[in-house]
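To start, the structure itself, in structure tokens.
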Amino acid sequence: MAGLRERKKQRTRRALIDAALQLFARKGYADTTLAEIAATAEVSTRTFFSYFSGKDDLLFHDGEERMERALALLAGRRPGETAGALLLRLVEAGFGWALEDEALTFEEAELRMRLIMAEPALRARALLLMYDGQLRVAAALRQACQDELDEVEAAAAVGALFGAVKLAVMAHLGHDRSLKDIQTTARRAAELALDGLRALDSPPAESRQGATRAAGRVPVEPPGMAS
């Protein structure tokens with residue numbers, strides 16, 4: 001019975017999401033009411049609030065689940081895996097999860113992105129979620145690679161990588177491409193970004209400085225820093 005109830009809850013939740021996206025596409029986000037979404041999903045407004053706190057939640061409904069999967073992947077770093085390889089595997093896994101989601105279509109992903117970019121309130125929430133998510137990923141990367149990366153390096157790597165991927169994907173929206181095509185775009189953007197982050201796979205700064213001193217070479221100080 002518990003399994004039956006859970007499946008019914010998942011069906012109701014998905015019905016609300018589908019109803020909202022259908023109405024958003026036809027009427028626009030601002031002109032769609034909660035009552036209309038509930039009625040289209042054939043539930044009461046009270047039932048709506050058992051699943052979501054507002055309209056905006058319907059467009060960000062899968063964010064936390066994906067974040068938990070991302071953090072688990074980073075925590076499961078493979079033996080000998082470099083920081084760059086770990087990040088690339090995270091990007092590929094993220095799109096793999098999207099392809100596994102039978103309910104997610106390219107049209108839905110494109111509609112969600114278009115609505116977020118068109119509505120200031122949604123854009124503001126998306127930015128907050130993005131910054132919060134990148135900070136969480138950076139902290140998890142730092143924890144997974146604590147012998148190789150410091151906080152600044154982990155944060156810079158995550159910001160550069162995901163910034164490149166997001167912008168490349170957004171640049172190709174509306175070009176009638178499949179999720180598989182978008183995955184290829186994301187991988188290329190990730191590889192380009194990682195080419196500029198190869199220093200992460202080198203020994204930590206302290207080790208490099210130690211090796212320099214051991215070789216009898218003194219690093220050149222920046223202008224104005226000499227005593």
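Straight-line cross-link partners of K27 among the lysines, defined as a Cα under 26 Å from its Cα and at least 8 positions apart when in the same chain: K55.
Counting only protein chain heavy atoms and rolling a 1.4 Å probe, the accessible areas of L197, L141 rank, largest first, as L197, L141.
Given their separation in residues at 0.36 nm each and the Cα-Cα distance between them, S44 and M117 gain 23.3 nm when the chain is fully extended. Which of the aspartates and glutamates could be linked to K9 by a straight reach, that is with a Cα gap under 19 Å, when you skip same-chain ones fewer than 8 residues away? The reachable aspartates and glutamates, counting only those whose Cα sits under 19 Å from K9, are D18, E42, D57, D62, E64, E65, D101, E102. For E107, the accessible area of its heavy atoms, probed at 1.4 Å with every protein chain present, is near 120 square angstrom.
Ordered by 1.4 Å accessible area with all protein chains kept, L4, L90 run largest first as L4, L90. Distance between the modelled labels on L197 and K166, one decimal in nanometres: 1.4 nm (7 Å Cα→Cβ projection).
Based on every Cα atom in the stretch 49-147, Rg and the maximum pairwise Cα distance Dmax equal 15.4, 47 Å.
Computed with a 1.4 Å probe on the full set of protein chains, the accessible area for V152 sits at about 110 Å².
The values are calculated or read from the model by the stated rules, or taken from the named source; none is laboratory data. All figures in this text were calculated on a predicted structure; none of them were measured in a lab. Every residue, glycine as well, gets a Cβ built from its backbone with ideal geometry; the counts of neighbours run over all protein chains shown. In case anyone asks, the SASA skips ligands and DNA or RNA and just uses the protein heavy atoms, side chains included. Shrake-Rupley method; radii C 1.70, N 1.55, O 1.52, S 1.80 Å.
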